[in-house]
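**Student:** Let me give you the structure first, and then I'll get to my questions.
Just so you know, all these numbers are worked out from the coordinates, no wet-lab data involved. Computed from a prediction, not measured in an experiment: that's the story for all the values here. Cβ placement follows ideal geometry from the backbone for every residue including glycine, while neighbour counts extend to all protein chains displayed.
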Amino acid sequence: MQGPVFSFVPGDSFLHTLDPRTKLAAVMLLGILTFRTESFFGIVTLFVFFFALASISGLPARVFLRAVRPMILFIIFIFFAQLFFTKGHVLTSFWILNPSLEGLQNGLRLSARFILLLLFAALMTASTDPSAITSGIERMLRPLPLRWLGVNSFELATMMNLSISFLPILFERAERTKVAQASRGMYFGKNPLRSVSALAIPLIKGVIRDAEELALAMESRGYQGTRRTSIHELRMQRRDWISLFALILFADFMLRF
Amino acid sequence: MIRLENVSYSYSDGKPAIRDIYIEIRKGEYIGIIGRNGSGKSTLALHFNGLLKPGKGKVMVKGMDTRDISMLQEIRKIVGIVFQNPETQFIGRTVEEDLAFGPENLCLPPEEIRRRVERVLAEIGLENYRYHSPKTLSGGQGQCVALAGTLTMEPECLVFDEVSSMLDPDSGKLVLKHVKKLHEKEKTIIYITHNLEELHDADRIIVMDRGRIVLEGKTENVLSNPFLLDLGLTPPPLMDLAERLKKHGVMIPWEKTSSPSNFAEEICQLFLKT
Ligand SMILES: Nc1ncnc2c1ncn2[C@@H]1O[C@H](COP(=O)(O)OP(=O)(O)OP(=O)(O)O)[C@@H](O)[C@H]1O
Ligand SMILES: [Mg+2]
């Protein structure tokens, strides 16, 4: 896979220049809104709203397709489950299945909600540098009394970044260990317990070594787990406040239906 | 600028990994460190910026003792280390984020961090990969990101610990090219390697064996020393050849042993003269 990570597409649209905190808050608000919206009119309005934002963002359509595609089976499943298992006016019956009108409505509504959720999330991740998202989260967490948990917001943010970037290394190592053991005649089908220990021990050893090396590299570059700055200048500007205000008005309008 | 006095260090097993090391490194010097597996090179490398504290003796960086915790951040600003495995050095999810990691720890203001990231991206030729995940890059590019990540700290001295041993020869040459450029910019370079050929441009070479310094001197003298073979190190073929020719009275100047084409040229010259 070559190309920018996640679905981030660098750009300079209005959405790109918003503060990540504005976008995080907006996604949360829109998420709530999506699940509070019952009427079909409301859901259509949300789709229209999404298309408006998407066209402002100038992001290519494939970004959004890529966000929805992996979930499509799940959405179809939800749709059919609602269709067949909601009691109400039976539309037709085949065999033992009695799709109902209410089921059709519920199914459409629920799948539309999931799709909206994915689309709004994709809009945020595609228009925001991933490290800016963590900076934003870090800044939002900073006032919380995290000291009680024995961490600070800086450590939490670094942990978040690392777990995202370090997990793939772990999987890759698991795969390599498996291949290495298999080439030594280890057979992974028969006795699951044996294969687990044959995999786990070298894997854990390897992971610990990786983690030690990573910790050294971090320390060498001055990491102390204390206050640090960020390349992203987080500053709520007028356009952030205006956007949030507009969004709240929009939510208020939607919830009146 | 860096001084190790009588430094010894043992890991938890109690066996000293390095012992009685005395090294003095001057500003702008290019030093090579060689030695077989387990001879203590990496242990030594970790002492240069206080990642390991000497068990005995002391390490001074520009007059600061690495055991002084209040000086550590200052020391890490001065001495950066690039490690062997690019994968376990990536901290950011994008190249940009990775390069910003060091300066962020130094609590620099965002504009300054951005300025440094831009400059280093251009210097190492990584502009096009700014928003790429370091993991999607090839080994050579990955190692360039690791180097770039230390360069944004703007260190005066760079330590390279077997940075090319996991790379193919071409990628290794790319990294080495950057090392050479940094040396020309008057950075102090400490280059640890198994591949003696990479050290042609070094000013001085230190040879380690079983935790001790067993040989030290000017690059051409060390690389032509027959003692290297006893230490499990193979001299670069061209230098070896030059050494053998010398015994037959054919003198090939040291500079000409840097590449086969230079070597061939020199031999042709000699033929034409006679
Ligand atoms: N984390 C550790 N814990 C315990 N012993 C260690 C550790 N790291 C290295 N050693 C031991 O210290 C000695 C020196 O190792 P070191 O890694 O410094 O050698 P090296 O010259 O870098 O070797 P290589 O060429 O393989 O990188 C070895 O005997 C090694 O087994
Ligand atoms: Mg080593």
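**Student:** Hey, in the GNM for chain A with a 10 angstrom Cα cutoff, which one of A:122, A:217, A:81 fluctuates hardest?
**Tutor:** A:217
**Student:** Can I ask one more? Under a Cβ-only charge scheme (Lys and Arg +1, Asp and Glu -1), can you give me the dipole magnitude of chain A about the Cα centre, in debye to the nearest 20? Mind dumping the intermediate values first?
**Tutor:** Working: 27 positive and 16 negative charges, 85 e Å.
Dipole of chain A, to the nearest 20 debye: 400 debye.
**Student:** Then there's this: Which residue, chosen from B:205, B:268, B:245, occupies the Cα position most advanced towards the positive end of the dipole of the stretch B:193-274, where the dipole is computed from +1 (Lys, Arg) and -1 (Asp, Glu) charges on Cβ about the Cα centre?
**Tutor:** Looking along the dipole axis, the top candidate is B:245.
**Student:** Would you work out the charge dipole size for chain B about its Cα centre, treating the Cβ of every Lys and Arg as +1 and the Cβ of every Asp and Glu as -1, and quote it to the nearest 20 debye?
**Tutor:** 520
**Student:** First measure r as the distance between the Cβ atoms of residue B:67 and residue B:203, then evaluate 1/(1 + (r/R0)^6) with R0 = 25 Å and state the FRET efficiency to the nearest 0.05. Present the calculation step by step, with values, prior to reporting the outcome.
**Tutor:** Values: r = 29 Å, r/R0 = 1.14.
According to the calculation, E is roughly 0.30.
**Student:** From the alpha carbon gyration tensor of the stretch A:215-257, can you work out the equivalent ellipsoid semi-axes (sqrt of 5 times each eigenvalue) and give them in Å, largest to smallest?
**Tutor:** In descending order, the three semi-axes are 42, 13, 7 Å.
**Student:** For each pair in B:53/B:173; B:27/B:177; B:27/B:180; A:205/B:58; B:15/B:53, compute the distance between the two Cα atoms and list the pairs where it is over 23 Å.
**Tutor:** Table pairs above 23 Å Cα-Cα are B:53/B:173; A:205/B:58.
**Student:** Next up: Which of B:30, B:129, B:11 ends up with the largest GNM mean-square fluctuation for chain B, with Cα atoms connected below 10 Å?
**Tutor:** B:11
**Student:** Which is farthest toward the positive dipole end of the stretch A:14-255 among A:160, A:48, A:141, measuring Cα position about the Cα centre, with Cβ charges +1 (Lys, Arg) and -1 (Asp, Glu)?
**Tutor:** Checking the options against the dipole of the stretch A:14-255, the answer is A:160.
**Student:** Across peptide B:127-137, what mean number of C-beta atoms from other chains lies inside 10 Å of a residue's C-beta?
**Tutor:** 4
**Student:** Also, I was wondering about something else. Calculate the spin-label point distance for residue A:84 paired with residue A:41, positioning each point 7 Å from the Cα along the beta-carbon direction, and give it in nanometres.
**Tutor:** 3.5
**Student:** Roughly how many nanometres apart are two label points built 7 Å out from the Cα toward the Cβ at residue A:248 and residue A:62?
**Tutor:** Result for the modelled spin labels: 4.0 nm.
**Student:** Springs between alpha-carbon atoms under 10 Å, Gaussian network over chain B: tell me which of B:249, B:139, B:125 tops the mean-square fluctuations.
**Tutor:** B:249
**Student:** When Cβ neighbours within 10 Å are restricted to other protein chains, what is their mean count per residue of peptide B:80-89?
**Tutor:** Mean inter-chain Cβ contacts per residue within 10 Å come to 5.
**Student:** Moving on. If you filter the stretch A:50-144 for chymotrypsin sites (Phe, Trp or Tyr not before Pro), then keep DSSP loop positions with at most 12 other Cβ within 10 Å, what is left?
**Tutor:** Answer by residue number: A:95.
**Student:** Using the crude model of +1 on Lys and Arg Cβ and -1 on Asp and Glu Cβ, and no other charge, please compute the dipole size for the protein assembly as shown relative to its Cα centre, in debye to 20.
**Tutor:** Computed about the Cα centre, the dipole is about 1240 debye.
**Student:** Tell me the relative contact order for chain A as a rounded percent, counting alpha carbon contacts under 8 Å between residues six or more apart.
**Tutor:** Value for chain A: 28 percent.
**Student:** In angstroms, what radius of gyration and Dmax does the stretch B:1-130 have, counting Cα atoms only?
**Tutor:** Cα-based Rg and Dmax for the stretch B:1-130 come out at 16.9, 48 Å.
**Student:** Then there is this: What aspartates and glutamates sit close enough to residue B:185 to cross-link, taking a C-alpha to C-alpha distance under 17 Å and skipping anything fewer than 8 places away on the same chain?
**Tutor:** B:29, B:123, B:154, B:156, B:201, B:203
**Student:** Under 5 Å between amide H atoms, partner at least 5 residues away or on a different chain: which partners does residue B:160 have, H built in plane at 1.01 Å?
**Tutor:** The answer is B:82, B:190, B:191, B:192.
**Student:** With 5 Å bins from zero, work out the P(r) of chain B over every alpha carbon pair and list the percent per bin.
**Tutor:** With a bin width of 5 Å, the distribution comes to 1, 6, 12, 15, 17, 16, 13, 9, 6, 3, 2, 1, 0, 0.
**Student:** Can you bin chain A into rounded, prolate or oblate? Criterion: square roots of the alpha carbon gyration tensor eigenvalues sorted a ≥ b ≥ c, rounded for a/c under 1.5, prolate for a/b above b/c, oblate for the rest.
**Tutor:** oblate
**Student:** Output ³J(HN,Hα) for the stretch A:115-124: one whole-Hz value per residue in order, computed from phi by the Karplus curve 6.51 cos²θ - 1.76 cosθ + 1.60 with θ = phi - 60°, and x for Gly and Pro.
**Tutor:** 5, 4, 4, 4, 5, 5, 4, 5, 4, 6
**Student:** Which of B:95, B:40, B:108 sits closest to the plus end of the dipole of the stretch B:1-157, meaning its Cα is farthest towards the positive end, when Lys and Arg get +1 and Asp and Glu get -1 on the C-beta?
**Tutor:** The one lying farthest along the dipole's positive direction is B:40.
**Student:** Could you give the spread of the C-alpha atoms of the stretch A:48-180 along their three principal axes, from largest to smallest, in whole angstroms?
**Tutor:** So the three principal-axis extents are 58, 48, 38 Å.
**Student:** If the viscosity is 1.567 mPa s and the temperature 4 °C, what translational diffusion coefficient in µm²/s does Stokes-Einstein give for the protein assembly as shown when Rh comes from Kirkwood over Cα pairs?
**Tutor:** 47
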